[in-house]
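A short worksheet on the structure shown next.
The values are calculated or read from the model by the stated rules, or taken from the named source; none is laboratory data. Predicted model, so just to flag it, every value in this text is computed and none were measured. In this analysis, Cβ positions are derived from the backbone assuming ideal geometry, glycine residues included, and neighbour counts consider all displayed protein chains.
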Amino acid sequence: MPVPQDRRTPRPATARRSAASGRPAPERPEASGRDRFRTASRYRTDRERARYEGTPQRDLFRTLRERFIARHALGDGWSIDLGAGPGRFTRSLGGPQGRSVAFDVSREALRHPAMAGTLAVVRVRGDARTPPFRAESFRTVLAFGNLLGFAEDDGPRALAAARTLVASGGRLLVEIAPGPGERSTYLARLPPTASARLLRSPVRAVVGRVGAEGFRTEPLRRATPGSFVRWTVDQLTGPAVRDGWVVRETVAVAPSLGPALDHIATVRSDPKAWSNLLDVEETLGRAPERWRSAAALLVALERPPPTQGTK
């Protein structure tokens, strides 16, 4: 079992007032992503927990992530969810013979009710740049929720720390946000009911039609908070591959219908169309040309086993 070491987390800065006037002092620069998460309120953690439930679009985003984890999480041994938040995906990591650590900088997230009641999940508070665990302690390391992007300039340091935790033959599952997202030109011009009917067709036929007309890049819907850093797939995988790691899968999340709310809602009501949509999104999402503008990109990296004769 990985043994957490005792580390202190710096206390957040408090608001200042001018001694001369009693008025608030000039605003400080916006808090870093790490500080915003560390001081998150219960309201904010509730909202984070609900981010993948309640609408057909959220169901789509959540299900594609859960399927990705199911394909790559190694259920035996220990797993860790870095930046776990209120634990949306933590329990997906451990199998019947495994146990998981939910690791987050936010005390409020770790004591969220969604985290309670499962003995197989151990909650540890700390900073993902300096996780207090022995090297190579975990069979599966999960870094979803754009942990690297919110780490801002410390993203490379957080990634290096995450890689250090992966055991020989284990896997690192990472989510990054290279761009604003895409949508299928073909499906977008069809009425929602026509899209649902089409998605009852064989997956290969749908993929062919969607690919023939291509995709259009979505505009950024809002300014990126703080100093959030977008990562490209090459920035993420290049150093690992040079060190001998293997990229097991790279997939963009929902490149065809991701932004099309009405279409997704209509498809969600048809079980066969919904099942096919999941397969279509994954098939399209694995094409390297879909990675550059993806609003969410999931990558599975495997640490190589020791070379023969190496202890």
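Values for this structure:
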| item | result |
| --- | --- |
| Residue within the range 89-111 that is of a type in the set (S, T, N, Q), in a strand (DSSP E or B) and closer than 25 Å to Q235 by Cα present | no |
| Residues of the range 97-122 satisfying the condition of being at pLDDT below 90 and not hydrophobic (A, V, I, L, M, F, W, C) | Q97, G98, R99, S106, R107, E108, R111, H112, P113, G117, T118 |
| Which numbered condition A167 fails, given (1) part of a helix (DSSP H, G or I); (2) surrounded by fewer than 20 Cβ atoms within 10 Å (Cβ to Cβ) | (1) |
| Odd one out for F150 among (1) closer than 24 Å to R230 by Cβ; (2) out of contact with any Gly (no Cβ under 7 Å at 6 or more places or on another chain); (3) surrounded by 18 or more Cβ atoms within 10 Å (Cβ to Cβ); (4) not polar (S, T, N, Q) | (2) |
| Candidate set from the range 174-196 (those that are surrounded by 15 or more Cβ atoms within 10 Å (Cβ to Cβ) and more than 30 Å from A151 (Cβ to Cβ)); member that is farthest from the chain's Cα centre (by Cα) | L190 |
| Subset tally (residues that are outside any loop (DSSP other than H, G, I, E, B) and either of a type in the set (A, V, I, L, M, F, W, C) or touching a Lys or Arg at 6+ places or on another chain (Cβ under 6 Å) (or both)) for the range 126-141 | 3 |
| Among residues of the range 232-258, those that are crowded, with 21+ Cβ neighbours inside 10 Å and in a loop (DSSP other than H, G, I, E, B), counted | 6 |
| Pairs, first within 17 Å of I80 (Cα to Cα) in the range 105-120, second hydroxyl-bearing (S, T, Y) and modelled with pLDDT of 75 or more, C-beta under 7 Å, six or more apart | A120/S100 |
| Subset tally (residues that are at pLDDT 85 or above, aliphatic (A, V, I, L, M) and either within 22 Å of L148 (Cα to Cα) or surrounded by fewer than 17 Cβ atoms within 10 Å (Cβ to Cβ) (or both)) for the range 37-73 | 4 |
| Matching residues in the range 178-212 - criterion: being under 14 Å from G285 (Cβ atoms) and of a type outside the set (V, I, T) | P178, G179, G181, E182, R183, S184, G211 |
| Residue within the range 95-109 that is farther than 25 Å from G169 by Cα, of a type in the set (K, R) and touching a strand residue (DSSP E or B) at 6+ places or on another chain (Cβ under 8 Å) present | yes |
| Number of the condition not met by R157 [criteria: (1) of a type outside the set (A, V, I, L, M); (2) crowded, with 16+ Cβ neighbours inside 10 Å; (3) not in a loop (DSSP other than H, G, I, E, B)] | (2) |
| Odd one out for P219 among (1) farther than 24 Å from R139 by Cβ; (2) in a strand (DSSP E or B) | (2) |
| Cβ pairs under 8 Å, 6+ apart, first in the range 152-179 and under 23 Å from L93 (Cα atoms), second among the aromatic types (F, W, Y) and in a helix (DSSP H, G or I) | L173/F68 |
